[in-house]
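Below is one structure, written out as structure tokens; comments come after it.
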Amino acid sequence: MAVLFDLLFPPRCASCGTGAWPLCRHCAARAAVLTPPACERCGRPWEEPLRSCADCPPRPIHAARAPFGYEGPVARAIRGLKFSGWRALAPSLAGAMVESLQVHPVDGFVPDTVAWVPLSPRRRGTRGFDQAEVLAGLVARNLGLDAVPLLSRVRETPAQATRTGRERRRTLRGAFAPTGRAPPSVLLVDDVLTTGITAAACAAALLKGGARRVVVLAAARSCRGEVPARCYGRV
């Protein structure tokens with residue numbers, strides 16, 4: 001049935017809706033692909049390698065990686081995954097996420113398991129699924145690992161997109177808790193990394209649960225300032 005549906009209604013570009021799936025040539029040329037040289041800690045591309053930078057997420061996150069900048073076509077596609085239920089986009093994003101770890105590995109980090117930043121029960125019920133959980137399952141499968149629900153959201157929090165960093169820290173304090181004993185090295189998956197405050201709250205909960213290092217892997221991340229021109233047109 002799925003094959004017949006695709007024949008009758010072939011998938012279109014997840015950004016503009018007119019070209020080839022998942023991104024047409026025009027949209028792919030405007031997507032920012034984050035590749036080295038970059039910040040060793042957060043993976044943000046620069047003209048030369050850096051050990052850390054002003055765009056790094058807060059501690060206790062050990063390091064972070066993402067294949068794309070959260071802008072333009074990629075941002076529109078991810079919003080389609082989150083709010084319009086375009087789950088068919090998830091395998092392409094997860095494959096790019098795993099590739100970003102392979103292209104720019106975190107020195108000395110070998111994940112024991114994959115976890116994810118959980119949605120609240122209310123938002124999960126509204127959307128019908130948790131996009132970070134879907135991505136985590138696909139990333140884990142690509143890495144030959146298990147995706148384990150190591151975190152629970154114990155307190156409902158308001159939407160964070162329009163809040164300042166100080167407001168985010170205040171509203172997210174105590175919002176996450178470990179569900180059990182965490183292994184030493186955890187790969188924490190989310191769809192988008194912006195300020196990193198939500199992921200840092202999750203990392204803090206995982207450390208309380210026994211983890212020693214938490215590396216965040218997102219489908220896309222925000223970058224303050226200009227991204228090097230070499231990053232465009234590489235999809």
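The values are calculated or read from the model by the stated rules, or taken from the named source; none is laboratory data. Bear in mind that the values here come from a model prediction, so they are computed numbers and not experimental data. Don't worry about glycine lacking a Cβ; one is built from the backbone with ideal geometry, like all the others, and counts go over all protein chains shown. Heads up: the accessible areas ignore ligands, DNA and RNA and are worked out on the full protein's heavy atoms, side chains in. Shrake-Rupley method; radii C 1.70, N 1.55, O 1.52, S 1.80 Å.
Checked against the criterion of being out of contact with any Lys or Arg (no Cβ under 9 Å at 6 or more places or on another chain), surrounded by fewer than 15 Cβ atoms within 10 Å (Cβ to Cβ) and of a type in the set (A, V, I, L, M), the range 105-118 contains one or more residues that satisfy it. Among residues of the range 183-200 being of a type in the set (A, V, I, L, M, F, W, C) and over 12 Å from the mean Cα position of the chain (by Cα), the one that is modelled with the highest pLDDT is VAL186. Only one of the listed residues (ALA20, ALA32, ALA88) is out of contact with any Ser or Thr (no Cβ under 9 Å at 6 or more places or on another chain) and open to solvent by less than 10 Å² (accessible area, probe 1.4 Å). That residue is ALA32. Looking at the range 105-182, the helices (runs of 4 or more DSSP H) lying wholly inside it that each contain 1 or more residues that are within 20 Å of ILE197 (Cα to Cα), at pLDDT 90 or above and among the polar types (S, T, N, Q) sit at 131-143. Within the set ARG221, ARG230, the sole residue that is over 24 Å from SER152 (Cβ atoms) and open to solvent by less than 20 Å² (accessible area, probe 1.4 Å) turns out to be ARG221.
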